[in-house]
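Here is the structure we will look at, set down as C-alpha cells.
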Amino acid sequence: MNEGKLFECSYTSSISNLLGRKSLLLLKGNLHKRMHSLTKNFISNSTNVRDHLFFDINRIIRFNLDSWSNRVHLLDQTKKITFELIVKQLMSIDPTGVDQQWTESLRKHYLILIDGFFSVPILFLFTPYYNAIHARKKVAGEIRVKVRERKREMMMIMTERKEEKKDMLGMLLDVMVGKREDECSNNNTKSVGVNDSEDQLVVEKKVVLLEEEAEEEEEIVDFLLSLILGGYETTSTIMTLAVKFLTETPLALAQLKEEHEKIKNAKKEEKDGQLEWSDYKYNMPFTQCVINETLRIANIVSGVFRRAMTDVSIKGYTIPKGCKVFTSFRAVHLNQEHFKEATSFNPWRWQQKKDADQVGPSKMMLNVFTPFGGGPRLCPGYELARVEISVFLHHLVTTFSWAPAEEDKLVFFPTTRTLKRYPIHLQRLM
Ligand code: HEM
C-alpha cells in the first residue's frame with residue numbers, strides 16, 4: 001500500500017481527538033513499525049491465541065450465551081461479548097468476576113465515544129461530538145487507574161517474585177518501564193562520587209524521567225483505548241451480520257450447523273469436552289467461508305483514509321501531493337467483475353477446490369479481497385477476530401435455534417449495522 005512512501009494514513013482532527021495522539025492508527029514511521037509488530041505479536045500470534053487467549057474466548061462467550069433470555073437484540077449482545085473479550089485480553093480484567101461492573105460502565109462510555117465518530121464535530125454543549133469527547137476523557141481516566149494499579153502490582157511482583165500477568169498491558173509496561181530503568185541506572189552510575197553541580201544535573205535528569213514516565217503513561221492509555229475501539233465494534237458487527245445472512249440463507253445455516261454439531265458430538269467422547277484451538281484451525285472450513293462472505297458484503301471498515309505524500313500517478317490520473325484519498329474496499333468487494341452476483345450472500349464461493357470440477361475462489365478474488373487492509377497497516381487483530389467469530393457461531397448454532405423477532409434492515413450509513421440491532425427470538429436446544 002506504499003505506506004510512508006507515496007501515501008500516509010490521514011484522519012481529520014475531529015477523529016484524531018477521539019482516537020488519541022498515540023493510537024496505533026495515527027503513529028507513523030519507525031515507532032509505528034515497532035508498535036504494530038508488538039501488537040501483532042500479542043493479539044494475532046497463533047501460539048499466543050492458542051495457548052492463552054482461546055480459553056477465555058470460549059469461556060466468556062459461553063458465559064454470555066448462558067445468560068441470554070428468549071429475546072435479545074443480537075447486535076447489543078455481540079457488542080457486549082467482544083468488548084468483554086478485548087478488555088480481558090488486553091488488561092486481564094475479567095467480566096465474569098468482580099470486574100463485571102467496571103467493564104459494563106466502561107462499555108457505556110465507549111458507546112457514547114463511538115457515536116462521536118459518526119457525528120458532526122461541533123463542540124457545543126451536549127452535541128454528540130461534545131458528549132463523545134467527554135466520554136473519551138472518562139474512558140481514559142478509567143484505563144489510567146488500571147495502568148497505575150498494574151504498575152504497583154508489577155513492583156510487588158518484583159519484590160515478592162509472583163507470577164506476572166501475560167497481557168498487552170504487561171507487555172507495554174515491560175517495554176516502557178524497562179527502557180526507563182536502563183536510563184535510570186545509567187544516571188545512577190554516573191552519580192557516584194560527583195560534586196554539587198553534577199548532583200543538580202542528576203536531579204534535573206530525574207525530573208525529566210518523571211515527566212517521561214507521565215508521558216509514557218498517557219501513551220499506554222491512548223494505545224489501549226484505541227485498541228479496544230478497533231477490536232470490538234468491527235468484530236461484533238460481523239458476528240451479527242453473519243447470523244442475519246445465515247438466517248436468510250437456510251441452506252448455508254444447515255451446512256454450518258452440521259459442521260459444528262460434528263465438532264460438538266466428537267467432544268462428547270472426550271474427557272473435558274471443551275472446544276479447542278485445533279477445532280477452530282482444522283474443523284471449521286465452512287465457517288471460514290461464512291466469515292469471508294460476511295466481511296465481503298458488509299464489512300464495517302468500508303475503506304481506509306490516506307494522504308498523498310507526493311504527486312502520484314495511477315492509471316493515467318494524477319493525485320496531487322497533499323490530497324486526501326479514500327480507498328474503498330467495498331467498491332472492490334462488491335464489483336461484479338471480481339465477484340459474480342456480488343450482492344448475494346454465497347459462502348460457497350470461498351470453498352476450496354477438492355476435485356478438478358469444483359469451483360474454488362479464483363486467484364483474482366483472493367488478490368482483491370482485503371477486509372483487514374494490507375501492507376504495514378494490515379489489521380493486527382485479523383486472526384483474533386476470526387477466532388472470536390468462529391467460537392461465537394459454534395456456541396450459537398449448537399445451543400439455540402432462533403428466528404427474527406421483527407423485520408430488520410441492513411444499512412451502510414453512517415455505519416454498517418442493522419437498523420433495529422437485529423432482535424431475535426431464541427429457543428434453547430435440548
Ligand atoms: C472483523 C473484524 C475486524 C476488521 C474487519 C478489521 C479491519 C481493519 C482494517 C481494514 C484495518 C486497516 C486500517 C488502515 O489501513 O488504515 C485495521 C487496522 C487495525 N485494526 Fe482491525 N479489524 C478487525 C478486528 C480487529 C481486532 C479484533 C483488533 C484488536 C484486537 C483490531 C485492531 C486494529 C488496529 C490496532 C489497527 C491499526 C493498525 C495500524 O494502523 O497499524 N482490529 N483493522
key: Residues satisfying the stated conditions in the stretch 103-118, i.e. buried (at least 16 other Cβ atoms within 10 Å of the Cβ) and either among the small types (Gly, Ala, Ser) or within 22 Å of residue 21 (Cβ to Cβ) (or both)   = 106, 109, 110, 112, 113, 114, 115, 116, 117
task = Tell me which residues, restricted to the stretch 296-306, are touching a helix residue (DSSP H, G or I) at 6+ places or on another chain (Cβ under 8 Å) and more than 6 Å from the ligand (Cβ to nearest atom).
result = 296, 297, 298, 300, 302, 303
query = So how many residues does the stretch 378-401 have that are surrounded by fewer than 19 Cβ atoms within 10 Å (Cβ to Cβ) and in contact with a strand residue (DSSP E or B) (Cβ under 9 Å, 6 or more places away or on another chain)?
reply = 3
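When you check residue 397 against the structure, is it hydrophobic (A, V, I, L, M, F, W, C), under 29 Å from residue 65 (Cα atoms), without any contact (Cβ under 8 Å) to a residue 24 or more places away in the chain and more than 16 Å from the ligand (Cβ to nearest atom), yes or no?
Values: hydrophobic (A, V, I, L, M, F, W, C): yes; under 29 Å from residue 65 (Cα atoms): yes; without any contact (Cβ under 8 Å) to a residue 24 or more places away in the chain: no; more than 16 Å from the ligand (Cβ to nearest atom): yes.
So residue 397 does not fit the description; no.
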key: Checking residue 347 against (1) more than 15 Å from the ligand (Cβ to nearest atom); (2) touching a residue at least 40 places away in the same chain (Cβ under 8 Å); (3) touching a strand residue (DSSP E or B) at 6+ places or on another chain (Cβ under 6 Å), the condition it does not meet   = (3)
query = With respect to residue 314, is the statement that it is more than 21 Å from residue 36 (Cα to Cα), free of Cβ contacts under 8 Å to residues at least 12 places away in the same chain, buried (at least 17 other Cβ atoms within 10 Å of the Cβ) and away from the ligand (no atom under 11 Å from the Cβ) true?
reply = no
task = State all residues of the stretch 14-63 that are surrounded by fewer than 16 Cβ atoms within 10 Å (Cβ to Cβ), touching a residue at least 40 places away in the same chain (Cβ under 8 Å), more than 12 Å from the ligand (Cβ to nearest atom) and more than 28 Å from residue 398 (Cβ to Cβ); if no residue qualifies, say none.
result = 21
inquiry  = Looking for something part of a helix (DSSP H, G or I), within 16 Å of the ligand (Cβ to nearest atom) and more than 16 Å from the chain's Cα centre (by Cα) - is there at least one such residue anywhere in the stretch 223-239?
reply    = no
key: Of residues in the stretch 361-373 being over 29 Å from residue 254 (Cβ atoms), touching a residue at least 24 places away in the same chain (Cβ under 8 Å) and more than 9 Å from the ligand (Cβ to nearest atom), the one surrounded by the most Cβ atoms within 10 Å (Cβ to Cβ)   = 368
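Residue by residue, here is whether (1) hydroxyl-bearing (Ser, Thr, Tyr); (2) within 16 Å of the ligand (Cβ to nearest atom) holds:
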residue	(1), (2)
337	no, no
353	no, no
375	no, yes
384	no, yes
401	yes, no
420	no, no
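Could you go through the stretch 277-286 and let me know if any residue there is within 12 Å of the ligand (Cβ to nearest atom), buried (at least 21 other Cβ atoms within 10 Å of the Cβ) and in a helix (DSSP H, G or I). It would help to see each step written out before you state the result.
Start the filter on the stretch 277-286 by keeping residues that are within 12 Å of the ligand (Cβ to nearest atom), which leaves none.
No, the stretch 277-286 has no match at all.
Could you tell me whether any residue of the stretch 253-273 is over 20 Å from the mean Cα position of the chain (by Cα) and within 16 Å of the ligand (Cβ to nearest atom)? Outline the logic, then answer.
Residues of the stretch 253-273 that are over 20 Å from the mean Cα position of the chain (by Cα), as a first pass: 253-273.
When the remaining residues are screened for being within 16 Å of the ligand (Cβ to nearest atom), the result is none.
No, the conditions are met nowhere in the stretch 253-273.
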request  = Would you check which residues across the stretch 391-430 are of a type outside the set (Asp, Glu), over 25 Å from the mean Cα position of the chain (by Cα) and farther than 30 Å from residue 53 by Cα and list them?
outcome  = 403, 404, 405, 425
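Values in this text are rule-based calculations from the coordinates and carry no lab data. Note that the structure is a prediction, hence the values are computed from the model and not measured. Here Cβ is always computed from backbone atoms with ideal geometry, including for glycine, and neighbour counts include all displayed protein chains.
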